[in-house]
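Report on the following structure.
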Amino acid sequence: MKVMIVVTHLLGTGHLSRALTLGRAFQTAGDRVQIVSGGFPAPQLDTDDIELVQLPPLRSDGVNFTQLLNARDDLADAAYHQQRQAMLCQALHQQRPDVLITELYPFGRRALRHEFLALLHAAKALPQPPKILASIRDILAPPSKPEKAAKADQVIADFYDGVLVHSDPQATRLELSWPVSDVLADKLHYTGFVAPCSAGPHPNAEGQGEILVSAGGGSVGDEIYHCALAAAQQMPAPPWRLLVGGSDAEARIARLSQIPSPARIEPARPDFRQMLSHVAASVSMCGYNTALDLLQAEVPAVLIPFDAGKEVEQSLRAKSLTPLPGFEAIRTADLTPDRLIEAVTKVVAAPRRTAARFQFDGARRAVEIAHDLAQPQAGTQV
């Protein structure tokens, strides 16, 4: 079976990371997978074993997801968007997939609706149209107006055969963050959480006994890094290590290094997940992939949800995690070195939780669902 996954990450890299995990699960099942990525390249993510088509990249202007910047950091104009759309549709016609998966759209990425709709119309016009699925995380950004949910429902009704919700419904149901209409409810398939296999210990025990501070792969989290540097001044033991992401990581590290602190500062690392097995505590945001990494590693964790602008997704996720042992959450507005030290001390002293109660095989289940939906036409294309 041929599978195409279309994803555009605009701020962090979590959307692309999840798409890669999903793609590898399809490959394990013997499928040919192509991922079309419309965000900026993410060198910290391993893409060597995946067929990746890179569109002219876009990123958001900070948390303004309606204003998109091109590879030169200029406002993307109509010609740039047309180039992306043409490449996207060309990839579709070349691949002619049995299954087409759009990551987040139509529940988000409304600024890119023209290219997604062009893709969907092109897919429906193929001689043998693919099964079309949406892929969404456990918690979405709630629609600011009822008509946004209604428009998403209409797109789902017109084009989609199913919606893969990457959550365990016993933990988090879509209704927590999105109005689920009768039309939408009929299309939902809960897969469980989509996470790669547990990373296990680091071969060199990197991070042993440290407080590991991270903010994902995007150019965000400066307030967390500044607070951690000050906290390390007040409490230098255990040692603190900051992992800084984003395409401008080198410049950010240079700026942060000017602040007096015993903390170690370095770029985001591909072995981050393995390091979590050894650290005394993690300090991080609460994106989908990070939350699953923390749960799998059973590591004590202080969560500082990304809440700039009108973002509430990470705050809702953090709220669902803090009843578990070894989790503490701090709002950005309440973040101080003293409060951070207090939270780190508390999670380190808490009982260790176990990952056994959680289902992390959502990628495998998503593949099963896609195969079931596509079965009548799988293998009919050449």
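The values are calculated or read from the model by the stated rules, or taken from the named source; none is laboratory data. Note that this is a predicted model, so its numbers are computed, not measured. We place every Cβ from the backbone using ideal geometry, glycine too, and count neighbours over all the protein chains shown. Just the protein is used for accessible areas: all its heavy atoms, side chains included, with ligands, DNA and RNA removed. Shrake-Rupley method; radii C 1.70, N 1.55, O 1.52, S 1.80 Å.
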Revision key, fill the gap. Short to long, in 10 Å steps from zero, the percent of alpha-carbon pairs of segment 107-215 per bin is 12, 35, 27, 15, 10, 1
Check your understanding: Against the longest alpha carbon principal axis of the chain, how many degrees, from 0 to 90 and to the nearest 10, is the axis of helix 78-95 turned?
Key -> 70
Exercise for review: Given the peptides 40-48, 281-289, arrange them by the average over their residues of other C-beta atoms within 10 Å, most packed first.
Suggested key: 281-289, 40-48
Check your understanding: Hey, with R₀ at 56 Å, roughly what FRET efficiency would Ala185 and Ala78 work out to, going by the Cβ-Cβ distance, to 0.05?
Key -> 0.90
Practice item. Would you pull out the residues with amide H under 5 Å of Gly39's amide H, same chain only if 5 or more places away, H placed 1.01 Å from N? Key: His9, Leu58
Check your understanding: What FRET efficiency comes out for the pair Gln234/Asp361, r = Cβ-Cβ distance, R0 = 35 Å, nearest 0.05?
Key -> 0.25
Check your understanding: Which of the residue pairs Lys319/Lys346; Lys131/Lys187; Lys145/Lys310; Lys148/Lys319 have a Cα-Cα distance greater than 19 Å in the structure shown?
Key -> Lys148/Lys319
Review point. Counting DSSP beta bridges in the chain, what percent are antiparallel, to the nearest 5?
Key: 10
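Could you do me a favour and compute the accessible area per residue for segment 1-77, 1.4 Å probe, result in Å²?
Accessible surface, normalised per residue, equals 40 Å².
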Exercise for review: Just the number, please: carbon plus sulfur as a percent of the accessible area of the chain, 1.4 Å probe, no ligands or DNA/RNA counted.
Suggested key: 53
Point to revise | Principal-axis tilt of helix 113-124 within the chain, Cα atoms, nearest 10 degrees | key: 40
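Equivalent ellipsoid semi-axes for segment 216-306, as square roots of 5 times the alpha carbon gyration tensor eigenvalues: give them largest first, rounded to whole Å.
The three semi-axes for segment 216-306 are 20, 16, 12 Å.
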Review point. In Å and whole numbers, how far do the C-alpha atoms of segment 1-137 stretch along each principal axis, longest first?
Key: 40, 34, 23
Practice item. Find how much the distance from Thr332 to Leu126 grows on full extension, using 0.36 nm per residue of separation minus their present alpha carbon separation; answer in nm with one decimal. Key: 69.3 nm
Study note, to complete from the structure: Extension length gain for Lys319 and Ala150 (0.36 nm per residue less Cα distance), in nm, is 58.1 nm
Exercise for review: Working from Cα positions, state the angle (0 to 90°, nearest 10) between the long axis of helix 222-234 and the longest principal axis of the chain.
Suggested key: 20
Review point. Just how many % of Cα pairs in segment 1-67 lie over 19 Å apart, if you round to the nearest whole percent?
Key: 30
Review point. Given q = 0.16, 0.17, 0.30 Å⁻¹, what are the Debye log10 I(q)/I(0) values for segment 287-337, with equal point scatterers placed on the Cα positions and solvent ignored?
Key: -0.43, -0.48, -1.27
